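Single-structure report; data block below.
Laboratory data are not the source of any read-out in this text; all were calculated from the coordinates shown. Here the structure is a predicted model, which means the values were calculated and not measured. Positions of Cβ are backbone-derived with ideal geometry, glycine not excepted, and every protein chain shown enters the neighbour counts.
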Amino acid sequence: MNGRLATQAVIATLLSACAGIGAPRTPHAAPGAPVTFERAEVVRGAALAALGNCRTCHTAEGAAAYAGGRALSTPFGTIYSTNLTPDPETGIGRWSVDDFRRALHEGLSRRGRQLYPAFPYDHFTRVTDDDVAALYAFVMTREPVRARRPPNRLMFPANVRPLLAVWKWLYFEPGRFVAHPDRSAEWNRGAYLVEGLAHCGACHTPRNAAGAEKKDEPFAGGEAEGWHAPALSSASRAPVPWTTQALYAYLRTGFDAEHGLAAGPMAPVAESLATVPDADVRAIATYLGERDGAPRAPAEAAADRVASADEAAGGIVFAGACATCHHSSDALPGVKPVPLAITSSVNDPTPRNALRIVSEGLHPDSGEAGARMPGFAGELTDAQIVAVVQYLRAHFSDRPPWNDVDETLRRIRKEDER
Amino acid sequence: MMDLRVNGTVYAVDADPDTPLLYVLRDHLGLDGAKFGCGLGQCGACTVIVDGKAIFSCITPISVLGGRTIRTIEGLGSADNPGPLQRAFIDEQAAQCGYCIAGMIMRAQALLDANPSPSDAEIRRHMMPNLCRCGTHMRILRAVHRAAKPAANAAADARKPGSGA
């Protein structure tokens, strides 16, 4: 397409979207006879919903599952997730399976409104009609919950919904998954899930200024809810390279002895994957471990370096505040801390996750088992947190020091105020 | 030698820099309200307030406390003259064995200092790190509500989970 045509297409799309005729679809009336679903279909949908981790975004803290209202912080402001329960007024009770399919495949609501790509339809468009129907059977058999979400708080121009038509025209490629004939069935199953419903790239692929995934840097490491999502590609900085087996263990149990544990926004993903068919988690691990560009090479050699004064100060903090658990962990009851040297947090290109974990700690959901670490945000001043994180990097990683530790912590504090 | 400011008094303390604050409070300064529970920052029995925030004194080395302000349960009142929050705990009989209570009170005090009229949900979320093995939680919650500003209690009750939120 040449430049002039492209411009015309943008304008045409924009105009038609603004005029509300971009999505000519009559809203469905409330269904008359109650729809019934096969039990097996609902069960299959439940596993698919867990693979897609729908629940995490569509459930507000302490509120009913799938009833929406969770605040999702984006670089463009805050978006509140929608109510997926079949309540006719505030949920999707009036949606037909075709409406539901169109939302997943095309990013349009029942009434034809543009949906924000915080709902990752750029991935869900890969999902088969069959799986969409099973997901529909699952959500439509949840308990209807009356819950209206708060209005989004987005900055201009992101708050002008029809403009999303332009965003889609530029970045969104609709279309179902196409199997790779040279690869195994397991690899293809994994590719279908990873690129589609599981939407791994939504966090692990970096995004451009318009918030779209950079197609030429798949899985090179991105951001999620204020955390760094480590690279799942050859850009991985894991000291022990990831293998299919390690990925499987990590995804299935939230822990791998050579890579540490799932924390931050990854924790609920692993919890969810603990409930799905084993073969699906194996397939995901196979694809991530064997796709072109998967992490294989060992990490680069260490650079010689000299400790800074901050690191020395951080060493004293570490000895007093951290070493009780992280140095002599044999004496600890329950789950032992992982060796810090293998963790992604100290080997990432950014100190973001190390700062978050030192500040906030690790807390399993109420009533759940799991690794637990107290946060040190009150115990330590921000300057002391910066020093100890610099020490962690110097002492436990072969990577060059981070130069932006205090700047990153300042940014995190600002993000958390919002 | 290191200077520590505790309850308004500056103490010169002779201890290794990685000594936990809890040990210094109890063994050097004779302030034994804060208790040793787990030593890992997981139970809250050792909670004191530093620069306005509730912290675990068992995992806080004194090396990080230079120039900072420490408050312990002894700073809130005495057995003869209890402070308002201590009074509320007594009135609600919010203790059984009592081992966790100094920590509970200090964590609650940090909340009330920052937010004099917390909702029930805010109190529950804030108190989550502190454990009580006797099961006195409901009385502890009542005591914190009692010490909160009276007008706030009504508003807090209206916001209780289950009432439409």
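Working from label points 7 Å from Cα in the Cα-to-Cβ sense, the A:Asp382 to A:Gln245 distance is 4.5 nm.
What's the extension gain from A:Ala279 to A:Glu143 if we count 0.36 nm per residue and subtract their Cα-Cα distance? Can you show the working numbers first?
Working: separation 136, 0.36 × 136 = 48.96 nm, distance 2.92 nm.
Net length gain for the segment: 46.0 nm.
A Förster radius of 56 Å combined with the Cβ-Cβ distance from A:Ala212 to B:Asn81 puts the calculated FRET efficiency at roughly 0.30.
Annotation: for a label point projected 7 angstrom from Cα along Cα→Cβ of B:Met128, residues of the stretch A:362-406 with backbone N closer than 20 Å are A:362-380. Which whole-percent values make up P(r) of the stretch A:180-301 when all C-alpha to C-alpha distances are grouped in 5 Å steps starting at zero? P(r) for the stretch A:180-301, in whole percents per bin: 2, 12, 20, 27, 22, 12, 4, 1.
Placing pseudo-labels 7 Å out from each Cα toward the beta carbon at A:Arg113 and B:Thr9 gives an inter-label distance of 6.3 nm.
With a Förster radius of 51 Å applied to the C-beta separation of B:His137 and A:Asp98, the computed FRET efficiency comes to 0.55. By the rule of a C-alpha distance below 21 Å, with chain neighbours fewer than 8 residues away ignored, the lysines paired with A:Lys215 are A:Lys168. When only Cα pairs below 8 angstrom with a gap of at least 6 residues are kept, chain B shows a relative contact order of 22 percent. Put the Cα centre of the stretch A:192-213 next to the Cα centre of the stretch A:253-287 and the gap is 17 Å.
With θ taken as phi - 60° and the Karplus curve 6.51 cos²θ - 1.76 cosθ + 1.60 applied, the whole-hertz 3J(HN,Hα) list for the stretch B:128-133 is 3, x, 9, 9, 10, 7 Hz, x standing for glycine and proline. Helix-only arithmetic for the protein assembly as shown: the sum of -39500 (n - 2.57) across DSSP H runs with n ≥ 4, divided by the residue total, places the mean residue ellipticity at 222 nm at -11000 deg cm²/dmol.
When the Cα convex hull of chain A is projected onto planes of every orientation, the mean area is 22.9 nm². With each label modelled as a point 7 angstrom along the Cα→C-beta vector, the A:His395-A:Arg176 pair spans 5.6 nm. Here the gap between A:Thr128 and A:Trp169, fully extended at 0.36 nm per residue and compared with their Cα-Cα distance, gives a gain of 12.6 nm.
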